[in-house]
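The next block holds one structure in the form of structure tokens; read it before the comments.
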Amino acid sequence: AIWNSGDQLFLRDLTAGTSTTVSTSAGNWGNDVAPNGDVVFWGNGYQIFRYRAGQVTQLTNDSDLWNTYPVTDGTNVVYRKHTPCCSEGTYAIVMYDAQGEITLAPARPQAPGPGPHYQVNNGWVAYTKAGNDGNLQVWTRSPGGDLRQHTFFGTSSTIDALGAERVAALAGLDP
């Protein structure tokens, strides 16, 4: 389990009953923990960091854009990359894996958030991407890198869940 107290981020091993301070300068919410204990968080100049086996690694290094609200399954890290706060911003959905940074959905005016707009599970990524008409459609990226659009509606779609059973079902959907 993870939680914040202001900008301090803590990891609790529920089996061992121990707590660890992951960061003293983390974003105050919108951070995530994977089943393997990896923690991803934003902070320090709106960059994304991963805590793994006692080590913190900075994953992004942007000077003009902010990186916030990461999610992870212990393999992939997905987050939003956007213009700085409080003006008419644009938001991309980006994935970080062993190869580096990959843009899944290019910048758009709709602000995506973890859950309805991007999720990860067992190497799979579900995300929303604007179609030619501006409506958001649901896409997936397989562990092998295959991209597939799953919705084709005239209104925007969001993601409900990307569970282990849903991955298999979603991958087999016919448009």
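The values are calculated or read from the model by the stated rules, or taken from the named source; none is laboratory data. Please read all numbers here as calculations on a predicted model, not as lab measurements. Neighbour counts run over all protein chains shown; Cβ positions are idealised from the backbone, glycine included. Each accessible area value is taken on the protein alone, full model and side chains, heavy atoms only, with ligands, DNA and RNA left out. Shrake-Rupley method; radii C 1.70, N 1.55, O 1.52, S 1.80 Å.
Tabulated data for the structure shown
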quantity: Some residue of region 117-129 being free of Cβ contacts under 8 Å to residues at least 12 places away in the same chain, out of contact with any helix residue (DSSP H, G or I) (no Cβ under 9 Å at 6 or more places or on another chain), within 29 Å of SER63 (Cβ to Cβ) and not hydroxyl-bearing (Ser, Thr, Tyr); calculated: no
quantity: Region 90-100 - residue that is touching a strand residue (DSSP E or B) at 6+ places or on another chain (Cβ under 6 Å) and either at pLDDT below 95 or of a type outside the set (Ser, Thr, Tyr) (or both) and, of those, nearest to ASP38 (Cα to Cα); calculated: MET95
quantity: Any chance GLY37 is open to solvent by less than 50 Å² (accessible area, probe 1.4 Å), touching a residue at least 40 places away in the same chain (Cβ under 8 Å), out of contact with any helix residue (DSSP H, G or I) (no Cβ under 6 Å at 6 or more places or on another chain) and at positive phi; calculated: no
quantity: Any pair with Cβ under 6 angstrom, 6 or more apart, that starts in region 87-115 at a residue that is more than 22 Å from LEU162 (Cα to Cα) and small (Gly, Ala, Ser) and ends at one that is open to solvent by less than 80 Å² (accessible area, probe 1.4 Å) and at pLDDT 95 or above; calculated: GLY89/HIS82; GLY89/THR83; ALA107/THR90; ALA107/ALA92
quantity: Any hit, region 121-131, residues being part of a loop (DSSP other than H, G, I, E, B), under 16 Å from TYR91 (Cα atoms) and more than 20 Å from the chain's Cα centre (by Cα); calculated: yes
quantity: Any chance LEU104 is part of a strand (DSSP E or B), open to solvent by less than 30 Å² (accessible area, probe 1.4 Å) and farther than 21 Å from ALA130 by Cβ; calculated: no
quantity: Subset of region 1-19 that is of a type in the set (D, E, K, R) and not in a loop (DSSP other than H, G, I, E, B) - its residue that is modelled with the highest pLDDT; calculated: ARG12
quantity: Flag for VAL125 being within 26 Å of GLN8 (Cα to Cα) and among the aliphatic types (A, V, I, L, M); calculated: no
quantity: Test: residue in region 132-139 that is modelled with pLDDT under 90, of a type in the set (D, E, K, R), open to solvent by 40 Å² or more (accessible area, probe 1.4 Å) and out of contact with any Cys (no Cβ under 9 Å at 6 or more places or on another chain); calculated: no
quantity: Elements of type strands (runs of 3 or more DSSP E) in region 55-100, at least 1 residues being open to solvent by 70 Å² or more (accessible area, probe 1.4 Å); calculated: 55-58
